[in-house]
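Notes follow the structure.
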Amino acid sequence: MKVDLTVFSHIATSLAKHFDCLYYVDIETNDYIEFIQPKVLASVNIPKEGKDFFVTATKNAYNYVHPDDLEEMLKIHDKANVLKNLAKGKSYSVSGRVVRDGKMIYTRFVVVMCEDEKHILCGMENIDDEVREKEAQAKNLLSAERMARRDELTGIKNKNAFTEHSQVLDGKIRSGSHDFNFAVLMCDLNDLKMLNDTRGHAFGDEALQRASGMICDVFKHSPVFRIGGDEFVAILTDYDYDRREQFVKELREKSEKNGRFKSGPVLAVGLAVYDPYKDNSFSDVFERADRDMYENKNLIKSRKGMEKIKSQYGDDVEIPEERKRMLDSLFGALLTVAGGGYIYLCDLRYDYSRWALSIIDDFGLKSEYMYHADKIWRDNIHPDDLEVYKKAIDLVFNGDAAVVPFVYRARKADGSYVALSTRGFIMAGSDGIPDYSGGIMIPQ
């Protein structure tokens, strides 16, 4: 094939930036000549010129085209198919992948009809960087979309995801469809504010993560959302929906056990089932679940700590001698291991306590043995610190047995105030009901 060298040079220069390889083909004789030397396909050893471009290209396609793209690529090497496509327009292209030295490379094969309509240009563009950049952008976009629907602290779905999910269900309800079922589970983590105030936000965050894990462990087949600071929602369908009563009972029992043994998060749990003949929107179901959750929350509060003990034993029952001897024995053991500070121990069943002689002397208390000592001791607490004291005591009874020290000021016998760093604890019986509470107060 003879080609004007000046024309060849201009064409090669203008197209070199775009094509990885380029061939000039006579469509009457099938003769061809290389315009741009292959880079990606350098090892294939395609002749620089030859007598039958289409036969040569087809044979070589088996050596470099990705197997999954081979059928499509062979079409662009078939002369009849090439001319058929060019009859529809002056050019066309097909994207595919080639494999060189074990590496997959994205490419675009391009065919262009020349002005004389006797020759065509057949070339390949290396679009690997372009494709991979788009893939990375798509991946980043997908990741960003997922992050926008993910609660950063717990890893579960967030309020945005919940809103989208509820809107889909709301649309199905409003359409009048009766061919689907779902239930809404509402959960609230008890005493999160108290945990944050008395033990710090890191401890509160851990409690939220553990609460999220509890819900997800029980409702393994349902989407779980954190929709507020201490509020969680699960939308139950299929497997979890069919076993909803069993699973709600399981979650409540786990929560109750955590409360009794001070071993983990305490959750108030509510459930509502969609009724197609009564509910006009998703919010109807959601609000019923919310009300059920608050009823459960009130029940939990009514069972907490001293309230449960007082309902069982009363406020004014005299402590039996055997219980008093047990109190003395435990107090002696506590005094031995405490290593200093003011020590106190209370039998919760009878609200009867023993206090170290040092605190009796320093703070002018009446006796080392007292009924209702907590009420008496509150009179010694600085008025500005009463709220701190109350929250900390509530946490001991209702939150966790191993609280970090809390500090408040108490009035001594001489009228001065001293700051006390106090660590409280609970001792529960075999039934999980608290039997004793105590503490160690260290002057600051």
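Below are the figures for this structure:
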| item | result |
| --- | --- |
| Positions within region 378-394 being open to solvent by less than 40 Å² (accessible area, probe 1.4 Å) and modelled with pLDDT under 90, in sequence order | Tyr389, Ala392, Ile393 |
| Residues that are at pLDDT 80 or above and of a type in the set (A, V, I, L, M, F, W, C), drawn from region 1-34 | Phe19, Cys21, Leu22, Val25, Ile27, Ile33 |
| Some residue of region 328-338 being free of Cβ contacts under 8 Å to residues at least 40 places away in the same chain and assigned to a loop (DSSP other than H, G, I, E, B) | no |
| Helices (runs of 4 or more DSSP H) lying entirely in region 228-324 (those with 1 or more residues that are in contact with a strand residue (DSSP E or B) (Cβ under 6 Å, 6 or more places away or on another chain) and modelled with pLDDT under 90) | 282-303 |
| Only listed residue being out of contact with any helix residue (DSSP H, G or I) (no Cβ under 6 Å at 6 or more places or on another chain) and under 30 Å from Val40 (Cα atoms), chosen from Asn140, Asn158 | Asn140 |
| Failed item, numbered, when Gly424 is tested on (1) out of contact with any Gly (no Cβ under 6 Å at 6 or more places or on another chain); (2) closer than 30 Å to Leu267 by Cβ | (1) |
| Lys103, sole failed condition from (1) under 38 Å from the mean Cα position of the chain (by Cα); (2) at pLDDT below 85; (3) farther than 30 Å from Glu206 by Cβ | (2) |
| Test: residue in region 228-239 that is without any contact (Cβ under 8 Å) to a residue 60 or more places away in the chain and in contact with a Pro (Cβ under 6 Å, 6 or more places away or on another chain) | no |
| Counted residues, region 375-385 - those being in contact with a helix residue (DSSP H, G or I) (Cβ under 8 Å, 6 or more places away or on another chain) and touching a residue at least 12 places away in the same chain (Cβ under 8 Å) | 2 |
| Counted residues, region 39-60 - those being in contact (Cβ under 8 Å) with a residue 40 or more places away in the chain and open to solvent by less than 40 Å² (accessible area, probe 1.4 Å) | 4 |
| Single residue of Asp290, Asp279 found to be open to solvent by less than 20 Å² (accessible area, probe 1.4 Å), in contact (Cβ under 8 Å) with a residue 40 or more places away in the chain and of a type in the set (D, E, K, R) | Asp279 |
| In region 192-204, the residues that are under 17 Å from Gly264 (Cβ atoms) and modelled with pLDDT of 85 or more | Leu192, Ala202, Phe203, Gly204 |
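One line per residue, one yes/no per condition, for (1) surrounded by 17 or more Cβ atoms within 10 Å (Cβ to Cβ); (2) small (Gly, Ala, Ser):
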| residue | (1), (2) |
| --- | --- |
| Thr163 | no, no |
| Gln167 | no, no |
| Asp179 | no, no |
| Phe182 | yes, no |
| Leu189 | yes, no |
| Lys193 | no, no |
| Thr198 | yes, no |
| Gly213 | no, yes |
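One line per residue, one yes/no per condition, for (1) among the aliphatic types (A, V, I, L, M); (2) within 21 Å of the chain's Cα centre (by Cα):
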residue	(1), (2)
His165	no, yes
Leu169	yes, no
Phe182	no, no
Thr198	no, no
Ala202	yes, yes
Ser222	no, yes
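Yes/no matrix, rows are residues, columns are (1) open to solvent by 60 Å² or more (accessible area, probe 1.4 Å); (2) at pLDDT below 85; (3) not in a strand (DSSP E or B):
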| position | (1), (2), (3) |
| --- | --- |
| Val396 | no, yes, yes |
| Ala402 | yes, yes, yes |
| Val407 | yes, no, no |
| Leu420 | no, no, no |
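The values are calculated or read from the model by the stated rules, or taken from the named source; none is laboratory data. Given the structure is predicted, the values throughout are model-derived calculations rather than measurements. Glycine also receives a Cβ, built like all others from the backbone with ideal geometry; neighbour counts cover every protein chain displayed. Surface accessibility is based on the protein's heavy atoms, side chains included, excluding ligands, DNA and RNA. Shrake-Rupley method; radii C 1.70, N 1.55, O 1.52, S 1.80 Å.
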